[in-house]
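The next block holds one structure in the form of structure tokens; read it before the comments.
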Amino acid sequence: MSQPHLHLTPDAIYPFDARGIAKRFRRAAIFGALDALRAGETMRFMNDHDPLPLLEQMRARYGDGVEIKYLRREPGEIVIDFVKRA
């Protein structure tokens, strides 16, 4: 019998480094990753700039369904937790 994968448990944090994704695929990859999250799971988003237009699109698409928490907001280094709500 196989063991359950630890990365599939609630409250897991999944890193997503947008810097390594081609710009033309980036939004689709981000929204695909967010859609795949289960309630209580977190996507830790890393980027080299503050993605304000993306955040507006997220608010329009998910409303209060995704919580946005900045962990680091410095020039050249942005880290945001996107937490999927129930």
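The values are calculated or read from the model by the stated rules, or taken from the named source; none is laboratory data. The model shown is predicted, which means the values in this text are computed figures rather than measured ones. All Cβ positions, glycine included, derive from the backbone under ideal geometry; neighbour counts span all protein chains shown. Calculation scope for accessible area: heavy atoms of the full protein, side chains included, ligands and nucleic acids excluded. Shrake-Rupley method; radii C 1.70, N 1.55, O 1.52, S 1.80 Å.
Can you sort D64, D35 by solvent-accessible area, 1.4 Å probe, largest first? Provide the component values of the computation, followed by the final result.
Working: D64 125, D35 80 Å².
Sorted descending by solvent-accessible area, the residues read D64, D35.
Taking θ = phi - 60°, what integer Hz values does the Karplus form 6.51 cos²θ - 1.76 cosθ + 1.60 yield along segment 43-56, in sequence order, with x for Gly and Pro?
So the J values, rounded to whole Hz, are 9, 8, 8, 10, 8, 9, 9, 6, x, 4, x, 4, 4, 5.
Got a number for the accessible area of R61? Probe 1.4 Å, square angstrom, nearest 10.
130 Å²
Considering every pair of different Cα atoms, what Kirkwood radius, in Å, is found for the chain?
Final number for the Kirkwood radius of the chain is 13.5 Å.
If we count every other residue with Cβ under 14 angstrom of A33's Cβ, Lys/Arg +1 and Asp/Glu -1, where does the sum land? Show your work: numbers first, answer last.
Details: positive: R26, R27, R38, R44, R61, K84; negative: D17, D35, E41, D81.
With Lys, Arg at +1 and Asp, Glu at -1, the net is +2.
Could you state the accessible area per residue of the chain in Å², with a 1.4 Å probe and every protein chain left in place?
67 Å²
Please determine, in degrees from 0 to 90 and to the nearest 10, the orientation of helix 23-36 with respect to the longest principal axis defined by the Cα atoms of the chain, where the helix direction is its Cα long axis.
Tilt relative to the chain: about 40 degrees.
Return the long-range amide H neighbours of F45 (sequence gap of 5 or more, or a different chain), with a cut-off of under 5 Å between placed amide H atoms.
Under 5 Å from the amide H of F45 lie the amide H atoms of F16, I80, D81, F82, each far enough along the sequence or on another chain.
Considering only protein heavy atoms, with the full assembly of protein chains and a 1.4 angstrom probe, order K69, K84 by accessible area, largest first.
Largest accessible area first, the list is K69, K84.
Where does the charge balance sit around E74 when Lys and Arg score +1, Asp and Glu -1, over other residues with C-beta under 14 Å from its C-beta?
Around E74, the charge tally is -1.
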